[in-house]
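A.B. asks: Okay, here's the structure, questions in a sec.
The values are calculated or read from the model by the stated rules, or taken from the named source; none is laboratory data. Just so it is clear, the model here is predicted, and its values are computed rather than measured. No Cβ is skipped: glycine too gets one built from the backbone with ideal geometry, and neighbour counts run over all protein chains shown.
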Amino acid sequence: MTPLCIDARWLHTGIGAYTFNLVREISYSGEFDLHVLAYRENQVKLQPYARGITIVDAPIYSVSEQFSVATAARPYSLLHVPHYTAPLPRRRTLLVTIHDLTHILDARLRTSWRSRLYARPMLHLVAAKADHIFTVSDYCKRQIMEHLDVGPEKVTVAYNGVGPEFYPEAEDVARATVSREWGVERPFLLYVGNLKPHKNVDGLLRAFAQLNQRNSDAWQLVIVGDLAGEGASLRELAGRLGITSAVCFAGRISDRVLRAAYSCAELTVLPSFEEGFGLPVVEAMACGSPVACSHSASLPEVGGDAAEYFDPHETDSIATAMERVLRKSSAERRELQRKGFEQAHRFTWSDCADRHREVYRRYAE
């Protein structure tokens, strides 16, 4: 069997879901001699799926990871790094996943010092260094080709999948979980994702304030995502908008609680300016939640005809789209759910892994 090493240090957020499910599916196939690089705290989670685990404690986005990852992966002919922080000193085959070009495309991020000094130069260097690049949507492939000067033959699209942990829970059970976890008793709208500027959570808060003002504070808003970084400023914005009591900042949560939230949310909203894929769109659909999202980037490709779309730059457009879904009749909501289930079933981690295996075979020594 061909030795294959996957850098599996990052196991949170959407990149983490992609990495963990890829490791699991590649393991199930038994086609490769699979080894992973991992943080010590993730060793037990990865143990069932890898023949060997090497602990690499170097932080993501650090200089030290460039050398420690290259050194740890030296014995393996194939190294797949599922993020653009791949080791430039690597001399054997290097496969990289670029999930998005947010640091190049988003107006607010691309001017930051982190983007200018690290992200953008690193993206260009890694794209040139990698033997092959995976990405998660046709939209993202087009952007990689245009902005990183890469030919189409060097990029493979492998859509993310929806895991078996996402399915519709009984509404009473789901509501009990949400009530117990957050004290949310009223009908609520749901946002899932990180809180970085390109996610446009501030735009969502403004639109939600407008929506609730028009509808006598009928709904609450639950925001799921790591509160480090932008959390404090978003709380302050909610206070200025007068919606503090209607907004729950839930932080990071387990898949079990997330499934319950999707299952009983009136609506899941993704207002991003940029998305490489947008996992919450299909996760929500798989759990029966109606979805409203931006008409930007990859989201129409992922949401298909099963989502309500809006202009993320226009507060009124976001508020109006949300209200349009919330005001649908029971029959119209059931039809939207049916379309959502069909759309979510298009995306599986098994199919994602198949696309990766095709490329792994091509580069096997």
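A.B. asks: If His124 satisfies all but one of (1) in a helix (DSSP H, G or I); (2) over 23 Å from the mean Cα position of the chain (by Cα); (3) not aliphatic (A, V, I, L, M), what's the number of the condition it fails?
C.D. replies: (2)
A.B. asks: Okay, next question. Among the candidates Glu301, Glu332, single out the residue that is free of Cβ contacts under 8 Å to residues at least 40 places away in the same chain, in a helix (DSSP H, G or I) and of a type in the set (Asp, Glu).
C.D. replies: The conditions single out Glu332.
A.B. asks: Does His12 meet the test of being surrounded by 13 or more Cβ atoms within 10 Å (Cβ to Cβ), modelled with pLDDT of 95 or more and not assigned by TED's automatic domain parsing to the domain that holds Gly276?
C.D. replies: So His12 fails the test.
A.B. asks: Mind checking whether some residue in the stretch 343-365 is over 21 Å from the mean Cα position of the chain (by Cα), surrounded by 15 or more Cβ atoms within 10 Å (Cβ to Cβ), among the β-branched types (Val, Ile, Thr) and not assigned by TED's automatic domain parsing to the domain that holds Tyr18?
C.D. replies: Within the stretch 343-365, not a single residue is over 21 Å from the mean Cα position of the chain (by Cα), surrounded by 15 or more Cβ atoms within 10 Å (Cβ to Cβ), among the β-branched types (Val, Ile, Thr) and not assigned by TED's automatic domain parsing to the domain that holds Tyr18.
A.B. asks: Given the conditions (1) part of a helix (DSSP H, G or I); (2) of a type outside the set (Lys, Arg); (3) in the same structural domain as Arg108 (by TED's automatic domain parsing); (4) surrounded by fewer than 16 Cβ atoms within 10 Å (Cβ to Cβ), and given that Asp149 satisfies all but one, which numbered condition is not satisfied?
C.D. replies: (1)
A.B. asks: A further question follows. How many of the residues in the stretch 128-157 are closer than 17 Å to Val81 by Cα, without any contact (Cβ under 8 Å) to a residue 60 or more places away in the chain and over 21 Å from the mean Cα position of the chain (by Cα)?
C.D. replies: 4
A.B. asks: Pick from the stretch 29-49 the residues that are surrounded by 17 or more Cβ atoms within 10 Å (Cβ to Cβ) and in contact (Cβ under 8 Å) with a residue 40 or more places away in the chain: which of them is farthest from Cys352 (Cα to Cα)?
C.D. replies: If we take residues in the stretch 29-49 being surrounded by 17 or more Cβ atoms within 10 Å (Cβ to Cβ) and in contact (Cβ under 8 Å) with a residue 40 or more places away in the chain, then His35 is farthest from Cys352 (Cα to Cα).
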